[in-house]
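Notes follow the structure.
The values are calculated or read from the model by the stated rules, or taken from the named source; none is laboratory data. Note that the coordinates shown come from a computational prediction; the quantities given were computed from them, not determined experimentally. FYI the Cβ positions are ideal-geometry reconstructions off the backbone, even for glycines, and counts take in every protein chain you see.
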Protein chains: 2
Amino acid sequence: MPSLDKKPYHHGELREALLTAGEAALGELSPENVSLREIARRAGVSHAAPKHHFQTLGELLGEIAARGFDRFVENLRSAADSGANQSAAARLQTMSRAYLRFAELNPAVYGLMFGKRERCVTTPNLAKSSLAAWSQLETAVAAIVGPQKAVNGALLVWSSVHGMAQLRIDRKLPPHIDPNASLEAVMRMIIAGLQAET
Amino acid sequence: MPSLDKKPYHHGELREALLTAGEAALGELSPENVSLREIARRAGVSHAAPKHHFQTLGELLGEIAARGFDRFVENLRSAADSGANQSAAARLQTMSRAYLRFAELNPAVYGLMFGKRERCVTTPNLAKSSLAAWSQLETAVAAIVGPQKAVNGALLVWSSVHGMAQLRIDRKLPPHIDPNASLEAVMRMIIAGLQAET
DNA sequence: TGATAATGTTTACAGCGTCAACATAATTGC
DNA sequence: GCAATTATGTTGACGCTGTAAACATTATCA
């Protein structure tokens, strides 16, 4: 009698399997080694099978970036909620911690989300989530400096936190710097700068 | 009689030619299309010729990044010099403008310099130049907040400017933002934040 | 001047993304 | 319920890539 657990010809959940295999590969391999063929291998499928679900590698990575954005926005939202009864400044600091934490835990996906869009295709909901994250930040900043100056204030915060995340991921910070302690000090200065604007 | 301008078997200045061809390619093509073979083509030489001057593509790109760093440090230095008789705050602002300008004019090289070191190899003088840039910045910041708090202050400035550069290069800024005007506003807030530390 | 080192070319190999042709299974229409 | 169609797999091919090895040409030096 033939073995009962023989692999069927059709996978059934291949699209989903490719996305999770891709995320796993991004977590384990250096980005340049994350290839369509490698992801297909991990999903236990031939190298051309993904074609029926993602036209190109860029489309697959774009979808992974979109999912990353959803998780990212959710993380920031729950951080903001958890600080609902704090001061606006403390809430902003909490959000910044969540931001940096996400970047540290998901460096490759973070790179897809915020890096140049050469490796992945920008899907509509990716653009939407990106804008959602921005207005989330702008709202938190507006609570400190008022809506008038919220744009530049949000730019200050976003640039700084994004810059720190990037520098840390790319290991470009001088070795004598402790990123967590520094984030607190940097955020303190940022908030002072914001408050000087009022 | 044979033509006099016939190409000689040996190039003569191939190493230099490869570096400039590489920089040109980085300026014209999207980074993923900058290949060793493409650079060799531009230098008018067979695809394996670079091997005698650069062991790998990463070595070539690493050397290009190192040269970029030299120009970068020089730009910042001359910006700092030009503001020698200004206040420390104004001098820092001048340096920031030079920083952002360099990133805008040389996005691909900037990416090699500050991005992940997967595409290019870190050569010793690259590390040296990087550290030089950092202490240059730290000195400028120390003139405002004193040496004690210069480290965190420099981190604030570097993160912010690097973040803005990256966001602008990657076109991740909301479209309604004018980067140049925003830089001024952001730097004003940063300097206020630094001065609040004293 | 002749050996040797430097610096080119050619050829080869494996991995990549993508496409086209084909195989198999699920679904739909009658 | 069965045939036609559609969805989703596999296989093989193409041209690209980086890199290595073998070979050709020229420059350098004893």
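Among (1) closer than 20 Å to B:Gly27 by Cβ; (2) crowded, with 19+ Cβ neighbours inside 10 Å; (3) within 14 Å of chain A (Cβ to nearest Cβ), where does B:Lys116 come up short?
(1)
For the range B:59-80, state whether one or more residues are outside any helix (DSSP H, G or I) and surrounded by 13 or more Cβ atoms within 10 Å (Cβ to Cβ).
No, the conditions are met nowhere in the range B:59-80.
Testing B:Glu59 on (1) farther than 22 Å from B:His162 by Cβ; (2) under 9 Å from the mean Cα position of the chain (by Cα), one condition comes back false. Which one is that?
(2)
Out of (1) without any contact (Cβ under 8 Å) to a residue 60 or more places away in the chain; (2) surrounded by fewer than 17 Cβ atoms within 10 Å (Cβ to Cβ), what's the single condition that is false for A:Thr123?
(1)
Among the residues of the range B:5-16, are any hydroxyl-bearing (Ser, Thr, Tyr) and more than 24 Å from the chain's Cα centre (by Cα)?
yes
Out of the range B:147-176, which residues are assigned to a loop (DSSP other than H, G, I, E, B) and either buried (at least 24 other Cβ atoms within 10 Å of the Cβ) or within 7 Å of chain A (Cβ to nearest Cβ) (or both)?
B:Asp170, B:Lys172, B:Pro174
Hey, could you check the range B:177-198 for residues that are surrounded by 17 or more Cβ atoms within 10 Å (Cβ to Cβ) and charged (D, E, K, R) and say which is modelled with the highest pLDDT?
Among those residues, the one meeting the criterion is B:Arg188.
Any residue at all in the range A:43-51 that is in a helix (DSSP H, G or I) and either closer than 22 Å to A:Ala108 by Cα or away from DNA strand C (no atom under 12 Å from the Cβ) (or both)?
Within the range A:43-51, one or more residues are in a helix (DSSP H, G or I) and either closer than 22 Å to A:Ala108 by Cα or away from DNA strand C (no atom under 12 Å from the Cβ) (or both).
Give the residue, chosen from B:Gly58, B:Gly62, that is within 14 Å of chain A (Cβ to nearest Cβ) and within 16 Å of DNA strand D (Cβ to nearest atom).
B:Gly58
Taking B:Pro179 as the residue in question, decide whether it is touching a Lys or Arg at 6+ places or on another chain (Cβ under 6 Å) and within 12 Å of chain A (Cβ to nearest Cβ).
yes
Looking at this structure, is A:Ile177 among the β-branched types (Val, Ile, Thr) and closer than 28 Å to B:Pro175 by Cβ?
no
If I filter the range B:67-77 for residues that are more than 16 Å from DNA strand C (Cβ to nearest atom), without any contact (Cβ under 8 Å) to a residue 24 or more places away in the chain, more than 14 Å from chain A (Cβ to nearest Cβ) and under 30 Å from B:Thr198 (Cα atoms), do I get at least one hit?
So far as the range B:67-77 goes, yes, one or more of its residues are more than 16 Å from DNA strand C (Cβ to nearest atom), without any contact (Cβ under 8 Å) to a residue 24 or more places away in the chain, more than 14 Å from chain A (Cβ to nearest Cβ) and under 30 Å from B:Thr198 (Cα atoms).
Applying the selection to the range B:81-92, what residues are touching a residue at least 24 places away in the same chain (Cβ under 8 Å) and surrounded by fewer than 20 Cβ atoms within 10 Å (Cβ to Cβ)?
Of everything in the range B:81-92, those that are touching a residue at least 24 places away in the same chain (Cβ under 8 Å) and surrounded by fewer than 20 Cβ atoms within 10 Å (Cβ to Cβ) turn out to be B:Ala88, B:Ala89.
Name the residue that is surrounded by the fewest Cβ atoms within 10 Å (Cβ to Cβ), counting only residues in the range B:5-42 that are in a helix (DSSP H, G or I), within 13 Å of DNA strand C (Cβ to nearest atom) and among the charged types (D, E, K, R).
Top of the filtered list is B:Glu32.
Do we find that A:Ala90 is away from DNA strand C (no atom under 16 Å from the Cβ), away from chain B (no Cβ under 14 Å) and in a loop (DSSP other than H, G, I, E, B) in this structure?
Criteria not met by A:Ala90.
Taking the range A:27-46 as the region of interest, how many residues are within 14 Å of chain B (Cβ to nearest Cβ) and near DNA strand D (Cβ under 9 Å from one of its atoms)?
0
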